[in-house]
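Read through the structure below, which is laid out as structure tokens, and then see the notes.
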Amino acid sequence: MRRISLLTAGALLSLGAPRLTAQARGEAAADTVYDPIKDLVGRLELEKYKATIKGLTQFGDRRQGTERNRKAVDWIEAQLKSYGCPTGRVVYQWAPLARTAGRGGGRGGDAAQGGGRLRGIRARTGVNSDSLKQPDPAIRALDTEQTTPGERQEVYCTKVGTTHPEEMYIVGGHMDGIGWGQAANDDGSGTAVVMELARIFSSPDVKTDRSIRFVLWNNEESGLNGARAYVEQRQGLQGKEEPAGSGKYPEPKWLGMIQHDMMLFDHGMPRADGTLSPEQRPEADVNIEFAGASKFADEAMKLAWFFQTSNEKYATDYPARVGQHMTNTDSDPFKDIIPAISLRENERGEQIGAGWDPNWHQPTDVYTTYSDKDFRLGLNAAQTTLSAIAKLTGATVIKK
Ligand SMILES: [Zn+2]
């Protein structure tokens, strides 16, 4: 079957092969064998990752349907172009639907969003809508314009594969935010992972067999509307050569979708008094989730474990854990079409839903809230996705 082969053929099998060879040779240590993936992972730098997040925060919370959001889209596109990654935009219309039920309505007891159970101590969650809770007058002023219905745009860029330009993996994060802060973590941190990967894969000495599309979704916070617009407009264009005979594929066939949403903060469970540890917990991890109830659950599960294995091999500091309750992020509209996973600082339903991130949609989600230990978790997520995608797309580095 086509959809099984895309994950198991080559990629999963060959991952183990070089290791066995090195072991068989005994004295030949792994680091004496040139590994292009290790080379590429080494090009990720904490300071560059932080600088990209900082750059995004100049547009405040980047709320959809505002001037600051449009300026952020322009800024992201300028960065992607400067990396040598050719860009495109998805244009769509958006207006809010009349609300029929409150957020989280219908769930009771210990049921977590997306499945699973809430355990242990819980703290309050919600979206801040009070401007006066933002103590910094400059940020408050920046976030003042409210959203209006109308046209929306989101930007993507593409690394074109050399032998299979007609197939691609989609790597995404959402660039819009809410809550009267700077959306530094939600989702400047995921957007910056995607942008850093676009930068590294677009380097002139990097070649991939298959294509990679880097997408910065808009309108995630209003209900995944940017990702839904992408699926609606482009699902039917997959794999078509345009114009015929040109070797160009405006929408390569989707092989998998990998979303990055809130990558920095894993300080553990709230304490009994509702406060959290001020420090990143040493056992912090990257949570890789797939949707156990989705049409492509089996393939998505394999993809998730492949990412976990890539983390074990290439991520420098923090491990990755796999869970089956992917929910409430832009990979959701893809999950019944292709294998889709998300990477996060915590499990979305059971942990973030139980208040493990006190800055979530709050005025405290600003750049200065986070320490290098926090930013490093995001960097480890970038290492995880970069190494996995490099393997899946057959990335090589052209030696001069
Ligand atoms: Zn988010």
Suppose R0 equals 41 Å. What FRET efficiency, 1/(1 + (r/R0)^6) with r the Cβ-Cβ distance, do T163 and L46 give to the nearest 0.05? 0.75
Taking the convex hull of the alpha-carbon atoms of segment 223-333 and averaging its shadow over every direction gives an area in square nanometres of 10.1
Once amide hydrogens are built 1.01 Å from N within the peptide plane, the residues lying 5 or more places from V286 or on another chain with amide H under 5 Å from its amide H are A320, R321
About the Cα centre of the chain, what is the dipole size in debye to 20, counting +1 per Lys and Arg Cβ and -1 per Asp and Glu Cβ, all else neutral? 620
Protection proxy ranking, peptides 120-127, 349-356, average beta carbon neighbours within 10 Å, highest first: 349-356, 120-127
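May I ask you to order 299-308, 230-239 by the average number of other C-beta atoms within 10 Å around their residues, highest value first?
Peptide ranking by packing, descending: 299-308, 230-239.
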With n ≥ 4 as the cut-off for DSSP H runs, can you work out [θ] at 222 nm for the chain, using -39500 (n - 2.57) per run divided by the number of residues, rounded to the nearest 500? -9500 deg cm²/dmol
For segment 313-400, what is the charge dipole size about the Cα centre, in debye to the nearest 20, if Lys and Arg each add +1 at the Cβ and Asp and Glu each add -1 at the Cβ? 660
For segment 188-243, what is the convex hull volume of the alpha-carbon atoms per residue, in Å³? 105
What nm distance separates the two modelled labels at I121 and V91, each placed 7 Å from Cα along Cα→Cβ? 5.2
For segment 192-278, the Debye formula with one identical point scatterer on each Cα and no solvent gives log10 I(q)/I(0) at q = 0.20 Å⁻¹ as -1.13
Mean separation of Cα contacts under 8 Å (6+ apart) over length of the chain, as relative contact order %: 23
Could you sort the peptides 312-320, 283-291 by per-residue average Cβ neighbour count (10 Å cutoff), highest mean leading? 283-291, 312-320
Tell me, what ³J(HN,Hα) does each residue in segment 164-169 have, in order and in whole Hz, if you take phi through Karplus 6.51 cos²θ - 1.76 cosθ + 1.60 with θ = phi - 60° and put x for Gly and Pro? 10, x, 8, 10, 8, 9
With the label point 7 Å along the Cα-to-beta-carbon line of E242 and a cut-off under 18 Å to each amide N, the hits in segment 197-222 are 211-215
Rg from C-alpha atoms of the chain, normalised by the globular rule of thumb 2.2 N^0.38 Å, equals 0.95
Counting Lys and Arg as +1 and Asp and Glu as -1, each charge on the Cβ, what is the dipole of segment 144-185 about the Cα centre in debye, to the nearest 20? 120
Per residue accessible area in Å² of the chain, where ligands, DNA and RNA are left out and the probe is 1.4 Å: 42
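The values are calculated or read from the model by the stated rules, or taken from the named source; none is laboratory data. Here the structure is a predicted model, which means the values were calculated and not measured. Backbone-built Cβ (ideal geometry, glycine too); neighbour counts: all protein chains shown. Note: areas computed on protein heavy atoms with side chains; ligands, DNA, RNA excluded. Shrake-Rupley method; radii C 1.70, N 1.55, O 1.52, S 1.80 Å.
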